[in-house]
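Student: Take this structure, written in C-alpha cells, and hold onto it; I'll ask about it next.
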Amino acid sequence: MKKKKLYIGFIIIFILISIGIIAGKNDKVELLKEADFYKKLKHNLVKCELCPNYCVLKDGETGICKVRKNIGGKLYSLVYNQPIAIHIDPIEKKPLFHFYPKSYALSIATVGCNLRCIFCQNWQISQTDPKDVTPDHYTPIEIVDLAKKYKCKSIAFTYTEPTIFYEYMLDIAKLAREEGIKTVLVTCGYINPEPLRKLAKYIDAANVDLKGSKKFYREYTTGKVQPVLECLKILDELGVWLEITNLVIPQANDNTDDIRQMCCWIKDNLGVSYPLHFSRFSPQYKLLNRPPTPLKTLVKAREIALEQGIKYVYIGNISTDAENTYCPHCGKLLIKREGYQISEINIENNKCRFCGEKIEGVWK
C-alpha cells in the first residue's frame, strides 16, 4: 500500500511539473510580442515585411537582425520590453543640432540590427544575439515615466538600429506623444515604406545615416542604398525634422565625386535646409585596417556640401569650428558648441538675432 501511495505521489508530482513546464513555455511565448508587418506562408514559413531584407524564415529561425523569430508559424519580436541600453544624452549626441538645443534625450536601444556593416561603430550591441545578453526590463509606460522623471525633452531610439525593435518603439512613441514628450529616431533608414509611414506619425525628428553610394553599400554592408533614399524622402514628405549623417571612411566613401553626388541628391530631393553631418571614422569591428579619417578629408567634404548650397554642414567626432552653427546669410555665430556642450545661442523666434534670417530647425 505504501508503495502504491508513493507511486501515485510520484505521478502527481510529475503531472504538476509537466503542467508547470508547459505553462512556462506558454508564458515565455506570451512574454514575446507578435511582430507587425509579416506574412504567413505555407509549411509554417513566415516572411518578414518590416525591412527590405524580406527574410523568409522556417519555424525556429531568426532573421538577419537576430531579434525576430518564427515560433510555430508566427513571427515574434525577441526584444520587446528588453532594452540593453538606457542613458540620458544631450540631444547634440544623436547628432541633432537643430532640434531643441541644450535639451536631453532619454536614449534607449535593444540588441540587434538589420544591416551587417563591417565598420559598425556600436557592434558590441548591434551585432549581438539576444540570448547572449542580460537586458533590462522596461515596459513602454515605464520608459515614458523615466523620461518624465528625469525631465527629458525627448526619447531617442538610438545606438543600434531602432527598426528591429519596431513594436516596442512604436508603443513608446504613442505614449510619449500623449505625454507631450518628443521622439527621435536615429536610424540607418533601412525600413519599408508602410511601417515607416505608420511610425512617422509619432516621430518628431530623425537622424538618418546615409552611408554612401550603391557601390559602397554593396561592398561594406548587407543592404542597398535605394531604400535609405526612399526613407529620407518619406520622412521629409511627412514633416519629420531631418538631419543626415555620413560617416566618412578612408578609401571607402571619401571620394570627392561620390560626396558631391550625394550632396546633389540631397539638394535635389530634400532641399538645402536640413543639416548634414560628416562624421569621423575610427577603426571598429571588422574594418581595422583603415586609419581614422584625416581632418582635411572632412573639411573637404564640408566644402563640397557648402558649394552645393547646403546651408548647415557640420563635422563630427572631432573638435573643430565646424561644430558651430553660423548664419547662412550674415555668417555670424549662432550656436557655439564644444563637444556636446553649448555656451552660446543667438537664435530668437527661429531667426538669426543679428540679421533676421530664418534659421531652419525646431527651436524653443
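The values are calculated or read from the model by the stated rules, or taken from the named source; none is laboratory data. Every value quoted in this text rests on a predicted model; they were computed, and no experiment measured them. Don't worry about glycine lacking a Cβ; one is built from the backbone with ideal geometry, like all the others, and counts go over all protein chains shown.
Student: May I ask you to list the residues in the stretch 298-325 that are modelled with pLDDT of 95 or more and surrounded by fewer than 18 Cβ atoms within 10 Å (Cβ to Cβ)?
Tutor: V299, K300, E303, L306, E307, G309, N324
Condition check ((1) over 21 Å from C120 (Cβ atoms); (2) among the hydroxyl-bearing types (S, T, Y); (3) more than 22 Å from the chain's Cα centre (by Cα); (4) buried (at least 22 other Cβ atoms within 10 Å of the Cβ)) across all residues:
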site: K214; (1), (2), (3), (4): no, no, no, no
site: G223; (1), (2), (3), (4): no, no, no, yes
site: P250; (1), (2), (3), (4): no, no, yes, no
site: D254; (1), (2), (3), (4): no, no, yes, no
site: K267; (1), (2), (3), (4): yes, no, yes, no
site: P283; (1), (2), (3), (4): no, no, no, no
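Student: Tally time: how many residues in the stretch 199-213 are out of contact with any Phe, Trp or Tyr (no Cβ under 8 Å at 6 or more places or on another chain) and free of Cβ contacts under 8 Å to residues at least 40 places away in the same chain? Working first, answer last.
Tutor: Step one: list which residues in the stretch 199-213 are out of contact with any Phe, Trp or Tyr (no Cβ under 8 Å at 6 or more places or on another chain), which gives 200-203, 207-210, 213.
From what's left, free of Cβ contacts under 8 Å to residues at least 40 places away in the same chain: 201-203, 208-209.
Of the residues in the stretch 199-213, 5 are out of contact with any Phe, Trp or Tyr (no Cβ under 8 Å at 6 or more places or on another chain) and free of Cβ contacts under 8 Å to residues at least 40 places away in the same chain.
Student: Can you tell me which residues in the stretch 197-214 are closer than 28 Å to V248 by Cβ and assigned to a loop (DSSP other than H, G, I, E, B)?
Tutor: I203, D204, L210, K211, G212, S213
Student: Let me ask you something else. Kindly evaluate K174 against the criterion of being charged (D, E, K, R), modelled with pLDDT of 95 or more and surrounded by fewer than 24 Cβ atoms within 10 Å (Cβ to Cβ). Before you say what the answer is, go through the steps one by one.
Tutor: Details: charged (D, E, K, R): yes; modelled with pLDDT of 95 or more: yes; surrounded by fewer than 24 Cβ atoms within 10 Å (Cβ to Cβ): yes.
The answer is yes for K174.
Student: Check E30 against each of (1) more than 23 Å from P195 (Cβ to Cβ); (2) at pLDDT 95 or above and name the one condition it does not meet.
Tutor: (2)
Student: Kindly indicate the residue of the stretch 311-321 that is under 24 Å from the mean Cα position of the chain (by Cα) and either part of a helix (DSSP H, G or I) or not hydroxyl-bearing (S, T, Y) (or both) and also nearest to E243 (Cα to Cα) among those meeting that condition.
Tutor: V313
Student: Filter the stretch 271-297 for residues that are among the hydrophobic types (A, V, I, L, M, F, W, C) and not in a helix (DSSP H, G or I) and give the result. Break it down into steps so the answer makes sense when it comes.
Tutor: Looking only at the stretch 271-297, we keep the residues that are among the hydrophobic types (A, V, I, L, M, F, W, C), and these are 272, 276, 278, 281, 287-288, 295.
Matches in the stretch 271-297: V272, L276, F278, F281, L287, L288.
Student: Quick check on this structure: which one of I191, I141, I118 is in contact with a strand residue (DSSP E or B) (Cβ under 9 Å, 6 or more places away or on another chain) and modelled with pLDDT of 95 or more? Working first, answer last.
Tutor: On the way: I191 fails: in contact with a strand residue (DSSP E or B) (Cβ under 9 Å, 6 or more places away or on another chain); I141 fails: in contact with a strand residue (DSSP E or B) (Cβ under 9 Å, 6 or more places away or on another chain).
After applying the criteria, what remains is I118.
Student: Quick test of your reading of the structure: K300 fulfils all but one of (1) in a helix (DSSP H, G or I); (2) closer than 23 Å to H98 by Cβ; (3) among the charged types (D, E, K, R). Name the failing condition by number.
Tutor: (2)
Student: Moving to a separate point now. Among Y159, Y150, Y190, which is hydroxyl-bearing (S, T, Y), over 23 Å from P292 (Cα atoms) and buried (at least 18 other Cβ atoms within 10 Å of the Cβ)? Full working, then the answer.
Tutor: Details: Y159 fails: over 23 Å from P292 (Cα atoms); Y150 fails: buried (at least 18 other Cβ atoms within 10 Å of the Cβ).
So the residue among Y159, Y150, Y190 that is hydroxyl-bearing (S, T, Y), over 23 Å from P292 (Cα atoms) and buried (at least 18 other Cβ atoms within 10 Å of the Cβ) is Y190.
Student: Out of all the residues in the stretch 69-88, which are closer than 20 Å to A105 by Cβ and either surrounded by fewer than 18 Cβ atoms within 10 Å (Cβ to Cβ) or among the small types (G, A, S) (or both)?
Tutor: A85, I86, H87, I88
Student: Contact list please: Cβ distance under 7 Å, first residue in the stretch 326-342 and without any contact (Cβ under 8 Å) to a residue 60 or more places away in the chain and part of a strand (DSSP E or B), second residue surrounded by 13 or more Cβ atoms within 10 Å (Cβ to Cβ) and hydroxyl-bearing (S, T, Y), pairs at least six apart or on different chains.
Tutor: From residues that are without any contact (Cβ under 8 Å) to a residue 60 or more places away in the chain and part of a strand (DSSP E or B), the pairs are L333/Y326; L334/T325; L334/Y326.
Student: While we're here: Is it the case that some residue within the stretch 285-299 is within 24 Å of V111 (Cα to Cα) and basic (K, R)? Can you show your working first?
Tutor: From the stretch 285-299, those within 24 Å of V111 (Cα to Cα) are 285-288; that's our starting set.
Within this subset, residues satisfying the condition of being basic (K, R) are 286.
Yes; the residues of the stretch 285-299 include at least one that is within 24 Å of V111 (Cα to Cα) and basic (K, R).
Student: Still on this structure, please answer the following. Of the residues D254, D236, which is closer than 18 Å to V186 by Cβ, acidic (D, E) and either assigned by TED's automatic domain parsing to the domain that holds L96 or not in a loop (DSSP other than H, G, I, E, B) (or both)? If you could, list the steps in order and put the result at the bottom.
Tutor: Working: D254 fails: closer than 18 Å to V186 by Cβ.
Being closer than 18 Å to V186 by Cβ, acidic (D, E) and either assigned by TED's automatic domain parsing to the domain that holds L96 or not in a loop (DSSP other than H, G, I, E, B) (or both) holds for just one of D254, D236, which is D236.
Student: Another question about this same structure. For the stretch 171-196, enumerate the residues that are under 24 Å from T222 (Cβ atoms) and assigned to a helix (DSSP H, G or I). Step through it out loud before you land on a result.
Tutor: Taking the stretch 171-196 as the starting set, the residues that turn out to be under 24 Å from T222 (Cβ atoms) are 185-196.
If the condition is that a residue be under 24 Å from T222 (Cβ atoms) and assigned to a helix (DSSP H, G or I), then P193, E194, P195, L196 are the ones that fit.
Student: Could you give me the residue pairs with C-beta distances under 8 Å whose first residue belongs to the stretch 88-108 and is hydroxyl-bearing (S, T, Y), whose second residue is modelled with pLDDT under 95 wherever it lies, and which are 6+ apart or on separate chains?
Tutor: Pairs found: Y100/K364.
Student: Within the stretch 129-163, track down each residue that is of a type in the set (F, W, Y) and under 22 Å from A200 (Cα atoms).
Tutor: So in the stretch 129-163, the residues of a type in the set (F, W, Y) come out as 138, 150, 157, 159.
Answer for the stretch 129-163, where residues must be of a type in the set (F, W, Y) and under 22 Å from A200 (Cα atoms): F157, Y159.
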